[in-house]
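What follows is calculated from the coordinates using simple rules that are stated; it is not laboratory data. Predicted model, so just to flag it, every value in this text is computed and none were measured. A quick note on method: Cβ atoms are made from the backbone with ideal geometry, for glycine too, and the neighbour counts reach across all protein chains shown.
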Amino acid sequence: MRSAVFLFVVVALISGCSTTNQQTITKVEESQHITRDQFIGKWDCMLLLAGHSIGYGDELDYKSDGSFSGISTTVYPFSVIPEHSLFFYSRPVTGSWELEGNKLTFYYLTQGDLIRRENKSSPVWDKIKEEKLEKEIRLADNKIYERLSSENFTGVPFIVSTTKFFSISGIDILAIEQSVDDEKFEGACSRKHEQKVNLNRPYMDAPARSRPHSIESLFLG
């Protein structure tokens, strides 16, 4: 991923959270279905429910033996501009994966301790304090952290549909979606390149994760 902003914008476009014309951002090459061999490697993924403010994703290394490892993070609130997000909840994970047709199934085998990070330098804080919303935001943060800390997904299958595999200006992008109850997550993955990039973001080692709970009421209700 060349930048956090790039993936956030792609996710917003796919999920309908942005009215920006995709052609004004970059050239999109012809799409195709992804194969198991093409999926092997390191990917950054972001998944979200349109109209909700929590983002989920993974930064994982998918190996040819069907295993994966990496970092999983929840982002609150989700913003197309990563620096505007306020809280990041990350943990290391390992597991196994399989791809059959357009169905990608994950099984988490281990999950480490949850680490909460606050982006104190976000310019959004000024507006929150001006509108006297800090207490409400911090209450939501505490509820999200408590819920995530108590969750244990080891051995639980997660099924994600791959809808498109394409390239944007030379970057491999995989469009994904996940249905939970009557609601649908939409998002994207970008292939992670080996070169080092200074992203200057507060969660550089912990991008967001996908989870089976897709509605904020599970955290905030």
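Partner lysines whose Cα lies under 17 Å from the Cα of Lys42, excluding those fewer than 8 positions away in the same chain, are identified as Lys63, Lys192, Lys196. Selection among Leu148, Val124, Ser161 by position relative to the dipole of region 124-196 gives Val124 as farthest towards the positive end (Cβ unit charges, Cα centre). In this rough spin-label picture, where each label sits 7 Å from Cα along the Cβ direction, the Ser121-Thr35 distance is 4.4 nm. Cα centroids of region 42-94 and region 114-152: 17 Å apart. Note on Ser53/Ser96: beta-carbon distance plugged into 1/(1 + (r/R0)^6) with R0 of 30 Å gives a FRET efficiency of 0.45.
Report note on the peptides 128-139, 162-173, 113-124: ranked by the mean count of other C-beta atoms within 10 Å, highest first, their order is 162-173, 113-124, 128-139. Between Lys129 and Thr110, the contour length at 0.36 nm per residue exceeds the alpha carbon distance by 3.0 nm. Note on Lys135: lysines with a C-alpha under 27 Å away, same-chain residues under 8 apart excluded, are Lys120, Lys127, Lys143.
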